[in-house]
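The structure appears below as structure tokens.
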Amino acid sequence: MIPRVTATVDLSALTHNLGIVRKLAPRSRVMAAVKADAYGHGAVPVSRALEQAGVDALAVACLEEAMSLRQARIQAPIALLEGVISGEEAAQAVYEQLQIVVHDHWQIELLERLPDSARLTLWFKLDSGMHRLGFPLADVPRLREVLARHPLWRFAGWITHLACADEPDNPFTREQISRFEAALEGVPGPRSIANSAGLIAWPQTRVDWVRPGLMLYGCSPLPQVSAAALGLRPAMRLESRIIAVREYAAGEGIGYGLSFRCPERMRIGVVAIGYADGMHRAFGNGTPVMVRGRRAYLAGRVSMDMITVDLREVPDAAVGDPVLLWGEGLPAEEIAGWAGTLSYELFCGLTQRVRFRYR
């Protein structure tokens with residue numbers, strides 16, 4: 001059976017990109033973000049590849065994501081970025097030797113209900129200005145008292161998250177760094193600040209731990225800097241194929257709403273991918289794809305199972321030809337801009353109809 005849509009994930013690209021992280025932050029330990037099914041790339045194969053490459057830890061959002069990795073025999077340290085939400089989760093996290101990122105006092109209360117012998121590992125997340133999760137910076141002395149009360153708890157460190165790191169000219173990142181450093185002046189414990197954008201654009205965030213996500217998958221988190229310029233390799237290649245080619249006269253409309261009108265007599269290719277596969281309906285006329293190594297362009301609306309493309313730039317295109325939606329030669333971050341979104345959402349939006357392959 002020939003798959004309609006294939007996502008090919010190059011695991012060697014992941015390890016290459018991890019190498020770029022290590023070059024940028026040679027003195028930092030690396031916690032790789034594999035939450036959201038490794039940004040849609042497949043958490044188990046991606047985590048296994050990163051573990052074999054010597055990554056220091058993995059980061060997921062929640063216990064369910066961590067359990068899928070443990071069940072696949074991933075042994076690397078795993079941090080729960082949203083922490084735990086019940087006593088049962090806390091006990092399971094300790095049993096599975098997971099690192100718990102604690103961001104509120106009610107979570108501390110959950111952990112304090114565990115047996116005194118529980119050998120748990122935790123981070124404290126501080127809110128340095130993003131105002132999503134994290135303790136107020138003024139709570140640092142109180143949090144130190146918590147640690148003093150529980151000498152068997154293993155403290156992994158202090159963590160914060162940047163709100164505007166992808167904007168190198170935005171002074172708020174510098175303000176966040178200053179707040180975080182001031183709150184922890186003279187306080188022991190490892191620090192972690194940098195996400196991918198911080199790691200690239202803000203060298204002062206390359207502290208004890210860095211937490212790359214998007215850059216591991218070969219995309220630039222900075223709108224003005226390409227992945228290629230950073231030396232990153234795209235890990236995913238999303239492809240479909242042409243299932244029909246038709247020729248239409250000037251003035252004929254294409255697809256739902258006839259939103260594209262043929263400016264001249266021209267060939268239109270029908271490609272077997274649609275929004276049910278994760279091809280956003282927001283992609284409009286002119287969005288590029290690649291056919292036979294050349295760019296063709298969407299002509300008409302994305303429908304549930306198909307797109308239609310203008311083949312004037314590829315006159316030799318034929319039924320059965322592969323069509324690249326994003327990947328090497330057609331960066332996902334460029335394509336995402338045509339839908340007014342980010343490459344994160346493209347990757348995470350792929351559905352179960354897409355056949356994944358790993359090499």
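Which of the following residues is buried (at least 21 other Cβ atoms within 10 Å of the Cβ) and not assigned by TED's automatic domain parsing to the domain that holds V46: V245, V271?
V271
Keeping to segment 294-324, report how many residues are within 27 Å of the chain's Cα centre (by Cα) and closer than 18 Å to T8 by Cβ.
Residues meeting the conditions: 3.
Could you tell me which of the residues E145, E167 is farther than 17 Å from D104 by Cα, free of Cβ contacts under 8 Å to residues at least 40 places away in the same chain and of a type in the set (D, E)?
Values: E145 fails: farther than 17 Å from D104 by Cα.
Step by step, each of E145, E167 is checked, and only E167 is farther than 17 Å from D104 by Cα, free of Cβ contacts under 8 Å to residues at least 40 places away in the same chain and of a type in the set (D, E).
So which residues in segment 298-319 are part of a loop (DSSP other than H, G, I, E, B) and of a type in the set (A, V, I, L, M, F, W, C)?
Once the filter is applied, which keeps residues that are part of a loop (DSSP other than H, G, I, E, B) and of a type in the set (A, V, I, L, M, F, W, C), segment 298-319 yields A299, V302, M304, M306, L311, V314, A317, A318, V319.
Which numbered condition trips up Y95, out of (1) closer than 23 Å to F124 by Cβ; (2) touching a residue at least 12 places away in the same chain (Cβ under 8 Å)?
Unmet condition: (2).
Mind listing whichever residues of segment 218-268 are touching a Leu at 6+ places or on another chain (Cβ under 8 Å) and of a type in the set (S, T, N, Q)?
S220, S240
Sort out which residues of segment 249-265 are in contact with a strand residue (DSSP E or B) (Cβ under 6 Å, 6 or more places away or on another chain) and not in a loop (DSSP other than H, G, I, E, B), and write them in order of number.
G253, I254, F260, R261
Return the residue satisfying two criteria in turn: it lies in segment 338-359 and is under 16 Å from the mean Cα position of the chain (by Cα) and small (G, A, S), and of such residues it is farthest from D10 (Cα to Cα). Outline the logic, then answer.
Kept after step one, since they are under 16 Å from the mean Cα position of the chain (by Cα), are these residues of segment 338-359: 341-351.
Remaining after also requiring small (G, A, S): 343, 349.
Working: S343: 17, G349: 19 Å.
Applying the filter and picking the extreme gives G349.
If a residue must be surrounded by 17 or more Cβ atoms within 10 Å (Cβ to Cβ) and within 32 Å of the chain's Cα centre (by Cα), how many such residues does segment 141-162 contain?
10
Look at segment 114-139 and say how many of its residues are over 19 Å from E82 (Cα atoms) and either part of a helix (DSSP H, G or I) or modelled with pLDDT of 95 or more (or both).
Qualifying residue count for the region: 1.
If A90 passes every condition in (1) part of a loop (DSSP other than H, G, I, E, B); (2) small (G, A, S); (3) over 20 Å from L126 (Cβ atoms) but one, which one does it miss?
Only one criterion in (1) part of a loop (DSSP other than H, G, I, E, B); (2) small (G, A, S); (3) over 20 Å from L126 (Cβ atoms) is unmet by A90, namely (1).
If you scan segment 325-349, which residues turn out to be surrounded by fewer than 20 Cβ atoms within 10 Å (Cβ to Cβ) and more than 17 Å from S226 (Cα to Cα)?
Those that are surrounded by fewer than 20 Cβ atoms within 10 Å (Cβ to Cβ) and more than 17 Å from S226 (Cα to Cα): A339, G340, E345, C348, G349.
Tell me which residues, restricted to segment 17-34, are within 16 Å of the chain's Cα centre (by Cα) and either surrounded by fewer than 20 Cβ atoms within 10 Å (Cβ to Cβ) or aliphatic (A, V, I, L, M) (or both).
L18, V21, V30, M31, A32, A33, V34 - these are the residues of segment 17-34 that are within 16 Å of the chain's Cα centre (by Cα) and either surrounded by fewer than 20 Cβ atoms within 10 Å (Cβ to Cβ) or aliphatic (A, V, I, L, M) (or both).
Between residues in segment 1-20 that are assigned to a helix (DSSP H, G or I) and residues that are modelled with pLDDT under 95, which pairs lie under 9 Å by C-beta distance while being six or more apart or on different chains?
Once the first residue is assigned to a helix (DSSP H, G or I) and sits in segment 1-20, no partner that is modelled with pLDDT under 95 comes close enough.
Out of L98, L69, L14, report the one residue that is under 30 Å from D321 (Cβ atoms), of a type in the set (A, V, I, L, M) and touching a helix residue (DSSP H, G or I) at 6+ places or on another chain (Cβ under 6 Å).
The unique qualifying residue is L14.
Just to be sure, is L222 part of a loop (DSSP other than H, G, I, E, B), without any contact (Cβ under 8 Å) to a residue 60 or more places away in the chain and closer than 16 Å to A59 by Cβ?
Considered against the rule, which asks whether it is part of a loop (DSSP other than H, G, I, E, B), without any contact (Cβ under 8 Å) to a residue 60 or more places away in the chain and closer than 16 Å to A59 by Cβ, L222 comes out as no.
The values are calculated or read from the model by the stated rules, or taken from the named source; none is laboratory data. Since the structure is predicted, the reported quantities are computational estimates derived from the model, not experimental observations. All Cβ positions, even for glycine, are placed from backbone atoms using ideal geometry, and neighbour counts span all protein chains on display.
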